[in-house]
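S.K.: Got a structure for you, written out below as structure tokens; questions coming shortly.
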């Protein structure tokens with residue numbers, strides 16, 4: 001059977017998302033942007049990219065670097081990629097920003113390790129005409145040209161929903177069966193990830209103890225909206241369209257970009273429709289007294305369910321914190337949640353050493369060779385996979401556009417995907433994990449056959465609908481034309 005070499009699928013999706021984002025910029029800013037492609041006649045530009053942590057120690061920042069390097073080569077930009085030691089290292093980042101200012105770089109792309117402790121240098125850079133963009137985490141400085149990241153709010157919501165689903169699958173219910181231990185990193189991204197996780201989990205715990213009519217209300221709401229349109233994941237849509245175009249003798253890349261953009265648009269529309277229907281059904285079914293009762297119950301859940309350790313930077317700090325929490329039998333921990341690569345790895349090691357992998361559900365962030373091993377051995381039950389390659393790639397593309405005097409959207413959400421032992425070897429997950437390798441995808445036998453399918457191991461607990469793309473997946477989509485400080489916090493980061 002013929003195999004479709006999909007090394008370029010991620011690039012095709014990047015191009016599709018870039019086309020969407022540039023279209024958004026055209027409508028919000030009044031000027032359409034042109035994708036740069038390999039236009040060597042335009043100004044090359046000198047761009048310094050400053051990561052959050054050592055890429056030799058954290059795979060995420062290694063993959064950001066791969067995207068940065070690829071974009072620099074393809075878009076004819078001179079790029080320097082430098083990183084701090086870890087996400088608490090602010091001084092090294094300040095040194096690199098100062099260097100970029102002194103050497104008159106055209107743009108600075110940075111994943112700031114502080115929301116405000118580098119802002120004075122950002123102001124100096126902008127005053128000298130240097131464009132400043134952020135990736136992964138946010139800055140409070142108002143002169144940032146663009147913030148590129150996955151949505152921490154969406155990621156935390158998916159993590160909380162999956163933790164609740166796994167808990168209900170394991171013990172038959174969500175509420176009243178144990179505590180949820182949270183170990184966050186020192187990064188500013190942790191706050192949004194933790195808050196969104198708690199909100200999602202608490203709401204599902206509340207729904208778990210409510211009367212079963214809630215599930216019926218949601219089912220009725222969906223039925224009233226008619227049969228749902230069959231949705232296809234953008235990567236699979238791109239693959240299918242490329243094959244069909246190639247068979248017709250047409251440009252497969254162009255077809256892939258168009259198909260991925262259309263699939264992403266449909267997923268976004270379906271997500272909004274489902275969420276609105278579910279919220280409307282619940283609101284109509286509740287009396288004012290019930291709403292007050294629900295608020296009180298949620299407050300009780302938030303006060304009694306969660307145990308938070310001190311923020312951790314390194315794997316060993318997270319390991320020691322997790323080990324201490326697990327050794328206290330009074331905690332009764334059933335779920336542990338980490339907000340970064342290091343905190344997730346530390347939790348996994350502590351759970352494995354305690355022999356609690358069958359009793360404690362672990363949900364975390366990001367991947368590394370060690371975490372992939374933990375997934376396959378069922379110590380790590382699920383992790384949020386982001387798209388660091390695209391974050392790096394888009395940062396250079398947008399910086400070049402700004403250098404050439406054009407406008408870009410103020411934010412770009414690059415999407416997140418839920419990975420577990422069941423889907424870790426699926427082609428779409430493999431493309432995200434290994435963006436610089438060739439991944440073979442089976443050829444679609446029947447062009448009219450649905451490519452469909454999801455990227456998670458099932459949906460939320462019974463009676464709860466989260467909406468959106470295949471469960472556990474957000475595709476990002478076109479960025480907002482403008483973002484206020486409150487919205488910006490939810491687009492915080494990836495690492």
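S.K.: Just a yes or no: is a residue in segment 147-161 in contact with a strand residue (DSSP E or B) (Cβ under 8 Å, 6 or more places away or on another chain), assigned to a loop (DSSP other than H, G, I, E, B) and under 20 Å from residue 67 (Cβ atoms)?
M.R.: yes
S.K.: In segment 24-68, which residues are crowded, with 19+ Cβ neighbours inside 10 Å, in contact with a strand residue (DSSP E or B) (Cβ under 7 Å, 6 or more places away or on another chain) and either part of a helix (DSSP H, G or I) or at pLDDT below 90 (or both)?
M.R.: Result: 45, 61, 64, 65, 68.
S.K.: Taking only pairs six or more apart or across chains, which ones have beta-carbon atoms under 6 Å, a first residue in segment 118-145 that is surrounded by fewer than 16 Cβ atoms within 10 Å (Cβ to Cβ), and a second residue that is part of a helix (DSSP H, G or I)?
M.R.: Every condition considered, the pairs that remain are 124/101; 143/126.
S.K.: On to the next question. Select from segment 426-439 the residues that are out of contact with any helix residue (DSSP H, G or I) (no Cβ under 6 Å at 6 or more places or on another chain) and either part of a helix (DSSP H, G or I) or free of Cβ contacts under 8 Å to residues at least 60 places away in the same chain (or both) and write down the one among them that is farthest from residue 158 (Cα to Cα).
M.R.: Result: 434.
S.K.: Also: Can you find even one residue in segment 93-108 that is touching a residue at least 12 places away in the same chain (Cβ under 8 Å), under 17 Å from residue 58 (Cβ atoms), in the same structural domain as residue 54 (by TED's automatic domain parsing) and in a strand (DSSP E or B)?
M.R.: Scanning segment 93-108 turns up no residue that is touching a residue at least 12 places away in the same chain (Cβ under 8 Å), under 17 Å from residue 58 (Cβ atoms), in the same structural domain as residue 54 (by TED's automatic domain parsing) and in a strand (DSSP E or B).
S.K.: If I ask for residues that are assigned to a loop (DSSP other than H, G, I, E, B) and closer than 19 Å to residue 131 by Cα, which ones from segment 69-92 would you list?
M.R.: Those that are assigned to a loop (DSSP other than H, G, I, E, B) and closer than 19 Å to residue 131 by Cα: 75, 76, 77.
S.K.: Determine, yes or no, whether residue 323 is more than 27 Å from residue 85 (Cα to Cα) and outside the structural domain of residue 51 (by TED's automatic domain parsing). Before you say what the answer is, go through the steps one by one.
M.R.: Working: more than 27 Å from residue 85 (Cα to Cα): no; outside the structural domain of residue 51 (by TED's automatic domain parsing): yes.
When the stated conditions are applied, residue 323 does not pass them.
S.K.: Given the conditions (1) buried (at least 19 other Cβ atoms within 10 Å of the Cβ); (2) part of a loop (DSSP other than H, G, I, E, B); (3) modelled with pLDDT of 85 or more, report the number of the one that residue 494 does not fulfil.
M.R.: Tallying (1) buried (at least 19 other Cβ atoms within 10 Å of the Cβ); (2) part of a loop (DSSP other than H, G, I, E, B); (3) modelled with pLDDT of 85 or more, residue 494 fails exactly one: (3).
S.K.: Only one of these conditions is not met by residue 175: (1) surrounded by fewer than 22 Cβ atoms within 10 Å (Cβ to Cβ); (2) at pLDDT 95 or above; (3) in contact with a helix residue (DSSP H, G or I) (Cβ under 8 Å, 6 or more places away or on another chain). Which number is it?
M.R.: If we test residue 175 against (1) surrounded by fewer than 22 Cβ atoms within 10 Å (Cβ to Cβ); (2) at pLDDT 95 or above; (3) in contact with a helix residue (DSSP H, G or I) (Cβ under 8 Å, 6 or more places away or on another chain), just (2) comes out false.
S.K.: Then there is this: Against the condition modelled with pLDDT under 70 and surrounded by 17 or more Cβ atoms within 10 Å (Cβ to Cβ), how does residue 282 come out, does it pass?
M.R.: So residue 282 fits the description; yes.
S.K.: Could you grab me the full set of residues in segment 80-101 that are within 25 Å of the chain's Cα centre (by Cα), buried (at least 22 other Cβ atoms within 10 Å of the Cβ) and farther than 25 Å from residue 384 by Cα?
M.R.: The answer is 93, and nothing else.
S.K.: While we're on this one: Confirm whether residue 208 is on the phi < 0 side of the Ramachandran plot, touching a helix residue (DSSP H, G or I) at 6+ places or on another chain (Cβ under 9 Å) and surrounded by fewer than 23 Cβ atoms within 10 Å (Cβ to Cβ).
M.R.: When the stated conditions are applied, residue 208 passes them.
The values are calculated or read from the model by the stated rules, or taken from the named source; none is laboratory data. Model, not experiment: these values are computed from the prediction. In this analysis, Cβ positions are derived from the backbone assuming ideal geometry, glycine residues included, and neighbour counts consider all displayed protein chains.
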